[in-house]
Amino acid sequence: MSLFVTTEQMDRHRRIGANLLAQGQPTQLNMVRGLILEGGPKGRQGLIPPIVETFEPEDITYVIDGSHRTNGGRWAGIEGFVAVHITGIRPDCPPYAFPNTWEEVRELPEKPDDPSIMKNYREPDHPYRLYRDFEPINGSTPRVEGQ
């Protein structure tokens, strides 16, 4: 669902993965429960497995949260990952962006200013109206200020 990942966040997740491996812990793509990260840019922050959602009216499964982790794994040759899988979404509550293919995702040095480069929003004039807020469980928030 995201057309880009940033180099900074990719590097952050590589460091987190390396630290988890060094501690003998599952990495971000094979963790079976959440954990608390200390000392990051937001201080103390939760991290849960990636969240994927199957929106039955379209019969499509989306990565709703975890694009950096899942794309990093894909680029490293990992073929699968553990996820929180949500189904049974009401038809009037679609994901906030249309799907894209894995091949459309690009790593960029920084977040683009143009929202159309970020995702294929369902409502381009109000891109985050349908956003599912996972900040309380993992610190993830929209990456565009003021929306």
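Once amide H atoms are built 1.01 Å from N in the peptide plane, which residues 5 or more positions from R122, or in another chain, come under 5 Å H to H?
Placed amide hydrogens put A97, F98 under 5 Å from R122.
Per the 1.4 Å probe, what fraction of the accessible area of the chain, in percent, lies on carbon and sulfur atoms?
52 percent
If you build a Gaussian network model of the chain, linking Cα atoms that sit under 10 Å apart, which residue out of G39, G66, G80 swings the most?
Ranking G39, G66, G80 by mean-square fluctuation puts G39 first.
So for the chain: antiparallel DSSP bridges make up what percent, rounded to the nearest 5?
Around 65 percent of the beta bridges assigned by DSSP in the chain are antiparallel ones.
Over the stretch 15-79, with the other protein chains present, what is the accessible area per residue in square angstrom, probe 1.4 angstrom?
55 Å²
Can you pull out the trypsin sites (Lys or Arg not before Pro) in the stretch 1-95 that DSSP calls coil and that have at most 16 other Cβ atoms within 10 Å?
Taking the stretch 1-95 and a limit of 16 other Cβ atoms within 10 Å, the loop trypsin sites (Lys or Arg not before Pro) found are R33, K42.
Which residue, P95, M10, P115, has the largest displacement toward the positive end of the dipole of the chain when charges sit on each Cβ (Lys, Arg +1; Asp, Glu -1)?
M10
Rounded to two decimals, what is Rg over Rh for the stretch 1-51 when you use alpha-carbon atoms and the Kirkwood radius?
Taking Rg over the Kirkwood Rh, I get 0.96.
How large is the Kirkwood hydrodynamic radius of the chain, counting all unique pairs of alpha carbons, in Å?
Answer for the chain: a Kirkwood hydrodynamic radius of 16.0 Å.
Round to the nearest 10 and give me the degree value, 0 to 90, for the angle of helix 7-22's Cα axis relative to the longest principal axis of the chain.
Relative to the chain, helix 7-22 is tipped by roughly 40 degrees.
Explain nothing, just compute: Karplus ³J(HN,Hα) = 6.51 cos²θ - 1.76 cosθ + 1.60, θ = phi - 60°, for every residue of the stretch 78-91 in order, whole Hz, x for Gly and Pro.
The phi angles translate into 7, 9, x, 7, 7, 9, 7, 10, 9, 10, x, 5, 4, x Hz.
The values are calculated or read from the model by the stated rules, or taken from the named source; none is laboratory data. Since we're looking at a predicted model, the values are computed, not measured. A quick note on method: Cβ atoms are made from the backbone with ideal geometry, for glycine too, and the neighbour counts reach across all protein chains shown. Side chains are part of the model used for accessible areas, which takes the heavy atoms of the whole protein and leaves out ligands, DNA and RNA. Shrake-Rupley method; radii C 1.70, N 1.55, O 1.52, S 1.80 Å.
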